[in-house]
Amino acid sequence: MSIQWFPGHMHLTRKAIGDRVKTIDVVIEMVDARLPASSANPMLRELLTRKHSLKVLNKADLADPVRTQEWLEWYQQKEGTAAIAMDSHHSAPARALIEACQQLMPSRGSMDKPMRVLICGIPNVGKSTLINTMVGKRAAKAANEPGVTRQEQRFALQDGFYLFDTPGVLWPRIIVAQSGYNLAAAGSIGRNAFDDELVALELLAYLQRHYGGALLARYPVAENEAELRALPDHELFERIARKRGALLPGNRVNTQKAAELVLQDFRSGAIGRITIETPTEFEEWLATGERL
Ligand code: G4P
């Protein structure tokens, strides 16, 4: 089974972004550093062919730093796109964004030649957090006054530097089956679109293979990492459920509760700093995986 999800109004967002980029100097695509490829929207690429663009791998504080570095190099070398990683709750990394945009367009950013930057990204990647960190709540509020439509949200980051919020909602577009699972694990698609237990099992299977140590530290359900890695997925899931007390009357496992616990632990970083896809894996899914 794969996760299929087709929220509406994509054509309206496409048109709104297409219109907006005409007057934009740099387009930022913010993705989730734990799943950079799955949290991107391939539609943006088509719209941005003659634009300077910058990938921002946000939530880097939750992601595996080694893999984040791998992704940054992949974007720069393979895709020819400038890329930075950040935790948008903190102002110093957030300000690295201004520098990265200035490097892309050194001729812009003054009062007479202002730099206009558009920030795009699927819901929940952290766009509002970044804007609030950089602009401060007061400025963000001012632009949200009645009469200022969502399409016109513009924030002055410094003299001659303006940030525009995504017009409309840019939903993820799932092109390979595994991306659906990864988006669901991160909580980036509607809950009705997937089954928590299935997503938790997929996630656990991946963590077993790649993050056995972190998994064992969070859930001491085996004597050692080798034993944990060898557990069949349902057995691992059941041991975790019992360890964490996700039980129903009669000592039966409460699979829904156990799945929610595992997903919540992943989303909050309680299992550790984890990235659930690498550039190599993503290339393999594109080449051999189930295309949607
Ligand atoms: P959006 O505008 O792109 O839809 O995303 P938004 O800023 O609303 O962020 C979605 C969630 O991600 C928020 O958590 C936010 O705090 C969190 N977040 C954003 N950037 C980062 C980051 O760099 N690192 C980490 N660890 N988290 C980040 P929430 O629980 O939904 O809301 P809140 O209670 O934190 O406000």
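Values computed for the structure shown
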{"read-out": "Most fluctuating residue given options 244, 34, 67, as computed from a GNM of the chain linking Cα atoms under 10 Å", "value": "244"}
{"read-out": "Residue-wise HN-Hα coupling along the stretch 224-235, computed from phi with Karplus coefficients 6.51, -1.76, 1.60 (Hz; x: Gly, Pro)", "value": "7, 5, 4, 5, 4, 5, 7, 5, x, 4, 5, 5"}
{"read-out": "The stretch 142-292, dipole about Cα centre (Lys/Arg Cβ +1, Asp/Glu Cβ -1), debye to the nearest 20", "value": "420"}
{"read-out": "Sequence of 127, 78 once ranked by neighbouring C-beta atoms within 10 Å, starting from the fewest", "value": "78, 127"}
{"read-out": "Most fluctuating residue given options 170, 247, 183, as computed from a GNM of the chain linking Cα atoms under 10 Å", "value": "247"}
{"read-out": "Environment charge of residue 196, counting only residues whose C-beta is closer than 15 Å and scoring Lys/Arg +1, Asp/Glu -1", "value": "-2"}
{"read-out": "Histogram of C-alpha separations across the stretch 10-165, 10 Å bin width, %", "value": "10, 42, 38, 9, 0"}
{"read-out": "Most mobile of 58, 182, 192 in a GNM of the chain (Cα contacts under 10 Å)", "value": "192"}
{"read-out": "Environment charge at residue 218 (Cβ cut-off 14 Å; Lys +1, Arg +1, Asp -1, Glu -1)", "value": "+3"}
{"read-out": "Net charge over other residues, Cβ less than 15 angstrom from the Cβ of residue 80 (K, R count +1; D, E count -1)", "value": "+2"}
{"read-out": "Theoretical gain in end-to-end length, residue 81 to residue 254 [0.36 nm per residue, Cα-Cα removed]", "value": "57.7 nm"}
{"read-out": "Karplus-derived 3J(HN,Hα), 6.51/-1.76/1.60, for each residue of the stretch 88-103, Hz, glycine and proline x", "value": "6, 6, 10, 6, 5, x, 4, 6, 4, 5, 4, 4, 4, 5, 5, 5"}
{"read-out": "Stretch gain in nm, segment residue 268-residue 242, where the contour uses 0.36 nm per residue and the Cα spacing is subtracted", "value": "7.3 nm"}
{"read-out": "Among beta bridges that DSSP assigns inside the chain, antiparallel share in %, nearest 5", "value": "25"}
{"read-out": "Cα centroid of the stretch 170-212 to Cα centroid of the stretch 252-286, whole Å", "value": "7"}
{"read-out": "Residues with amide H under 5 Å from that of residue 41, placed H, sequence gap 5 or more", "value": "none"}
{"read-out": "Amide H within-cut-off set for residue 247, under 5 Å, with H built and near neighbours excluded", "value": "254"}
{"read-out": "The chain, relative contact order [Cα under 8 Å, separation at least 6], %", "value": "22"}
{"read-out": "Of 51/127; 59/243; 15/127; 127/257; 22/55; 59/113, those spanning more than 26 Å from alpha-carbon to alpha-carbon", "value": "59/243; 127/257; 59/113"}
{"read-out": "Per-pair calculated FRET efficiency, R0 = 30 Å: residue 224 and residue 66 via Cβ, rounded to 0.05", "value": "0.85"}
{"read-out": "Percent of C-alpha pairs per 5 Å bin, the stretch 195-288, short to long", "value": "2, 14, 24, 24, 18, 10, 5, 2, 1, 0"}
{"read-out": "Placed amide H near residue 161: partners under 5 Å, 5+ positions off or other chain", "value": "115"}
{"read-out": "Principal axes of the chain: Cα extent on each, largest first, Å", "value": "70, 41, 36"}
{"read-out": "Nitroxide proxy distance, nm - points 7 Å out along Cα→Cβ at residue 169 and residue 156", "value": "3.2"}
{"read-out": "Dipole axis of the stretch 10-165 (+1 Lys, Arg; -1 Asp, Glu on Cβ), positive-most option in 16, 86, 130", "value": "16"}
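We did not get these values from a lab; they are worked out from the coordinates using the rules stated. Keep in mind that this is a model prediction, so the values were computed, not measured. Here Cβ is always computed from backbone atoms with ideal geometry, including for glycine, and neighbour counts include all displayed protein chains.
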